[in-house]
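Report on the structure given below.
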Amino acid sequence: MKHKILSPIALILVAAVLYVFAAPSYRQGEASLAGRKAKDFPVQIAGASRLADLHGKVVILNFWASWCPPCLEETQSLNRLQQDIAGKGGVVLGISVDEDKAAYEKFLADNHVIFPTYRDASKKSAADYGTSMFPETYLIDREGRLARKIVGPQDWQSPEVMGSIDVLLNQK
């Protein structure tokens, strides 16, 4: 009898520990990335053919996909963030890993995406950054250095996130 009760309890405890370590909130920040040079890659957006062309701007580099429900969840918040930071020298840059061009374009139209986006069907840029979950976002300072990695959907207007972005925007 005792064994029958302990097995489910042990299983629940193991599952809880695994969930805590796998939860996006546990992996926020990744301080080891801070200060590293952001990896350059080609993009095709107005005013830039490479990520490095955005040097001098604070870049919110967001890897996403049209088939990703959490990506949809944060899209309007990213639109508002783009509006908030554009005049301060910041830009949200969305990199889609969609293989299906029509699905990518439909997502942009349906969600009225206003921030610059680029579709990297090869997924090379996401792989080079070590991105394995979507959405995943990197805050890049004006010098092209990584400041923070954020895994999972965010409220981009939250005081915590805006505080991190404001620090970067205020650096000269």
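The values are calculated or read from the model by the stated rules, or taken from the named source; none is laboratory data. Everything numeric in this text was worked out from a predicted model, so none of it was measured. These area figures cover heavy atoms from the full protein model, side chains too; ligands, DNA and RNA do not enter into them. Shrake-Rupley method; radii C 1.70, N 1.55, O 1.52, S 1.80 Å.
Worth pointing out:
- Dividing the Cα radius of gyration of region 84-139 by its Kirkwood radius returns 0.99 for Rg/Rh.
- Rolling a 1.4 Å probe over the protein heavy atoms gives region 92-161 an accessible area of 43 Å² per residue.
- Distance from the Cα centroid of region 63-84 to that of region 116-137 is 14 Å (rounded to whole angstrom).
- The H on the amide N of G94, modeled in the peptide plane, is under 5 Å from the matching H of N62, T117, Y118, each at least 5 residues off or on a different chain.
- Over 19 Å between alpha carbons, listed pairs K39/K88; K57/K149; K39/K123; K39/K124; K88/K124; K57/K106: K39/K88; K88/K124; K57/K106
- Estimated translational D of region 120-167 in µm²/s (Stokes, Kirkwood radius over Cα pairs; 20 °C; 1.002 mPa s): 179
- Calculated on alpha-carbon atoms, Rg and Dmax of region 38-172 in Å: 13.5, 40
- Taking the protein heavy atoms of region 45-172 in the context of the full set of protein chains, the accessible area attributed to carbon and sulfur is 53 percent at 1.4 Å.
- Were the residues from K124 through R80 laid out at 0.36 nm apart, the gain over their Cα-Cα distance would be 13.1 nm.
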